[in-house]
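J.: So that we are looking at the same thing, I have put the structure below in structure tokens.
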Amino acid sequence: KYLAQIIVMGVQVVGRAFARALRQEFAASRAAADARGRAGHRSAAASNLSGLSLQEAQQILNVSKLSPEEVQKNYEHLFKVNDKSVGGSFYLQSKVVRAKERLDEELKIQAQEDREKG
């Protein structure tokens, strides 16, 4: 009898924890979808055209905040380091170029949205 009560209580605890985790996951998913919606359709279209997401491009160029100066500085450094004539990789160099194109497009989109707001 006690064993059955312990099992029932254990199942209830696990069930409540599972339900709470599920609610949190739904809330996080909804928040992520809202954030993507706010980012706008232009940014999503730019990701589709370039083949790189904004986060992926930022990781490639090691850029945390989107500033034109930092993007340009990191681009120039990584482009030179990966130049084939100095033993670099053409593949990595092309990834750097694509990442810069994607970030430049995002900067252009942000500037356009700022002009529309103000």
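J.: Of all residues in the range 76-97 being touching a helix residue (DSSP H, G or I) at 6+ places or on another chain (Cβ under 6 Å) and of a type in the set (Lys, Arg), which is surrounded by the fewest Cβ atoms within 10 Å (Cβ to Cβ)?
T.: Here the answer is 84.
J.: Within the range 39-75, how many residues are at pLDDT below 85 and open to solvent by less than 90 Å² (accessible area, probe 1.4 Å)?
T.: 12
J.: For residue 91, state whether it is in a helix (DSSP H, G or I) and more than 21 Å from the chain's Cα centre (by Cα). Explain how you work it out, then say what you get.
T.: Working: in a helix (DSSP H, G or I): yes; more than 21 Å from the chain's Cα centre (by Cα): yes.
It is true that residue 91 is in a helix (DSSP H, G or I) and more than 21 Å from the chain's Cα centre (by Cα).
J.: With (1) at pLDDT 85 or above; (2) open to solvent by less than 90 Å² (accessible area, probe 1.4 Å); (3) among the hydrophobic types (A, V, I, L, M, F, W, C) as the list, and residue 11 as the residue in question, which single condition is left unmet?
T.: Just one mismatch for residue 11, condition (2).
The values are calculated or read from the model by the stated rules, or taken from the named source; none is laboratory data. For clarity, every value in this text was computed on a predicted model and none was experimentally measured. Cβ atoms come from the backbone with ideal geometry, glycine included; neighbour counts cover every protein chain shown. Accessible surface is based on the protein model in full, side chains and every heavy atom, while ligands, DNA and RNA are left aside. Shrake-Rupley method; radii C 1.70, N 1.55, O 1.52, S 1.80 Å.
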